[in-house]
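The structure appears below as structure tokens.
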Amino acid sequence: MLPEPVTPSVGRGRAGSVRPMRMLIARCSAVYDGRLSSTLTSAVRLVMVKADGCVAIHADVGAYKPLNWMNAPNHLVEDGDTWEVTNPKGERLTITFEQVLDELSYELDTERGLTLDGVERELQLLLADPPTHLEPGLKCVQREFRTDLGPVDLLCRDVDGGAVAVEIKRIGEIDGVEQLTRYLERLQRDPMLAPVRGVLAATTIKPQARVLAESRGIGWVEVDLGVLRGEEEPHPRLF
Amino acid sequence: MKLRAERTEFADAVSWATRTVGARVTLPALSGVLLEAVDGRLTCQATDLEVAAEISIPVEIDEPGRVLLPGRLLAQLVARFPNAPVNLEGDADRVEITCGRATFHVRGMQVEDFPTLAAPTEDAAQGVLKADAFARLVSQVARAASTDDGRPVLTGVQLDASDGMLTAAATDSYRLAVRSVAFDQAVDGVALVPARSLQEAAKAAGEVGGNVTVVLEEGQVSFLFGDRRLTTKLIEGSFPNYRALLPDAHETTVVVDRAGLSEALQRVAIVAMGQANTPVTLHFGDGSVDLQATNQEMGDAAEALPAEIDGEGLSISFNPAFLLAGLDATGTEQIRIELRDGLKPAVLKPEADGDDERIDDLTYLLMPMRVS
């Protein structure tokens, strides 16, 4: 038994309307016709229609990638045992249901995106006490040192007493170098600090960020979160 | 400039110069190959300011001259030329290249923009050794160098020339490879050479054969083989004191068939390779090496092979890729493994099969992995 058709069209909701997410566990087959042609033979699968109109057919393997999917905006026509999903690009996904085993329909909360700040905060705390993982003899003066453009993660002094501004990222990319460059420009105006060196610290630093940092005289250091936490490396080193 | 060259020689020369220097160029002129025809020879030069390659081939010259042509384009063209003599004619702005019935017109680049090539000074001391010995030395040692630019000194191979010997050492901090060969003509000096440049030099030495001349100078090293020369800048910084890492004693010695161990390791490692940091564990005891790997997602594997074991039996775990590289480097039928315990570095060495067999003075030190 197929569920009663709920929405003849998805992905074009009225302003203010909240559309539920639909999930069907069903024995179904599918044919996709668009940039290429593909066929899914009959099997029990999960069919999802998300609130924004995306349609995805999932198998019982893989973390995130559906077997077949159509990104919103889509037009979904439910005609008996067959769903026909089309989009403005001329792609067409036809799903033929043989048996619907279960159907769920829920309204999910508005997504706020992944929160990754925890890693950066932990890195900041671990690197501040003491920051010798960044360079020998480095001492932390202050965490979250304020500048006119926002706080720089660590303000340190090196063995010669020179000021060092450290920006900490989970992944060091060009944006991180740009951000540190802006902080350095402000910090150099402070006669109590100038000259200030910059160091970008991250668990991984992209090659482009390394090149840009070096071209601006900014140092970069890759740090291992496990080592900072005092965890034993699975592969010890000779030195 | 007007000249006539033999196709294979010309293609090899252009391709070697462009390949040796690589594609990372920071100035337009560095993407070019400088062709200079004079005194019956054509010299091809390329550089990225770190590495400089030069090769000279005999040609028939009607009119000497210099042109700077786009390296990659020229290399692609000549690689597909028919088997017929190549004619070059033109000036710095435009060169006509003909081969058989094919005709190409290539725009030249500004010759003046091409930098003066780094070259060894005439009075620099030179060491000479057999090209095949040099190529083998590099292939055995350079594999242990790091590819991580985060620690530049570990991306190099240290060449230490003293007492008539050339000693090469490389380490990525997980393993260390070190080997010495005798000079035919000795020189003294130390150089930390980028592993990639050294591997190109070794490749060229293997192709050309004969002797290779090593010129160690302040800040650069040059390798001369036949009509080719490669000069590279040295890596700045101090190479680790690797001699202090080499253990002076061991508790257990294992002698095992290298090919057998290598094949068993490759089979067992299949379940380990899919997941980073999955070790292969080797149990040594009762005249047998038992290999075992477990991957929680894929399954497990085990294999045993006979071995001569002198000393206490023990278990030790390795990164399979690093162990395979060590087995491959030794080259002999039998391999000797010297062990202290399951957490101390193991030493791999070639093992002579008989009294007459000459073996390489290679030491491959490998740090074991922890197994929880």
Failed criterion for A:ALA72 (all others in (1) touching a strand residue (DSSP E or B) at 6+ places or on another chain (Cβ under 6 Å); (2) modelled with pLDDT of 85 or more; (3) more than 16 Å from A:LEU104 (Cα to Cα); (4) in a loop (DSSP other than H, G, I, E, B) hold): (1)
Checklist (1) within 14 Å of chain A (Cβ to nearest Cβ); (2) within 30 Å of B:VAL67 (Cβ to Cβ); (3) aliphatic (A, V, I, L, M) applied to B:LEU154, failing item: (2)
Pairs with Cβ under 7 Å, 6+ apart, first in the range B:306-331 and of a type in the set (Val, Ile, Thr), second assigned to a loop (DSSP other than H, G, I, E, B): B:ILE309/B:GLY287; B:ILE316/B:GLY342; B:ILE316/B:PRO368
The listed residue being within 14 Å of another protein chain (Cβ to nearest Cβ), among the small types (Gly, Ala, Ser), assigned to a helix (DSSP H, G or I) and touching a strand residue (DSSP E or B) at 6+ places or on another chain (Cβ under 9 Å), out of A:ALA209, A:ALA202: A:ALA209
Evaluation of B:VAL190 against (1) under 30 Å from A:GLU135 (Cβ atoms); (2) crowded, with 19+ Cβ neighbours inside 10 Å (one fails), failing number: (2)
A:VAL166 within 14 Å of chain B (Cβ to nearest Cβ) and within 28 Å of the chain's Cα centre (by Cα): no
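Residue-wise test of (1) touching a helix residue (DSSP H, G or I) at 6+ places or on another chain (Cβ under 7 Å); (2) of a type outside the set (A, V, I, L, M).
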| position | (1), (2) |
| --- | --- |
| B:GLY299 | yes, yes |
| B:ASP310 | no, yes |
| B:SER317 | no, yes |
| B:LEU327 | yes, no |
| B:THR330 | yes, yes |
| B:ARG336 | no, yes |
| B:ASP341 | no, yes |
| B:ALA346 | no, no |
| B:ARG370 | no, yes |
Qualifying residue in the range B:134-143 (condition: open to solvent by less than 30 Å² (accessible area, probe 1.4 Å), in contact (Cβ under 8 Å) with a residue 24 or more places away in the chain and under 29 Å from A:VAL199 (Cα atoms)): no
Criterion violated by B:LEU42 - all others in (1) assigned to a strand (DSSP E or B); (2) under 23 Å from B:GLN220 (Cβ atoms) satisfied: (2)
Candidates B:ASP172, B:ASP184 - the one that is surrounded by fewer than 19 Cβ atoms within 10 Å (Cβ to Cβ) and either over 12 Å from B:PRO240 (Cα atoms) or touching a residue at least 24 places away in the same chain (Cβ under 8 Å) (or both): B:ASP184
Strands (runs of 3 or more DSSP E) wholly inside the range B:269-329 that include at least 3 residues being open to solvent by less than 20 Å² (accessible area, probe 1.4 Å): B:280-285, B:288-295, B:314-318
Hey, B:VAL254 buried (at least 17 other Cβ atoms within 10 Å of the Cβ), at pLDDT 90 or above and in contact with a strand residue (DSSP E or B) (Cβ under 8 Å, 6 or more places away or on another chain) or not: yes
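The values are calculated or read from the model by the stated rules, or taken from the named source; none is laboratory data. All values derive from a computational prediction rather than experimental measurement. FYI the Cβ positions are ideal-geometry reconstructions off the backbone, even for glycines, and counts take in every protein chain you see. The accessibility values were calculated without ligands, DNA or RNA, using every heavy atom of the protein model including side chains. Shrake-Rupley method; radii C 1.70, N 1.55, O 1.52, S 1.80 Å.
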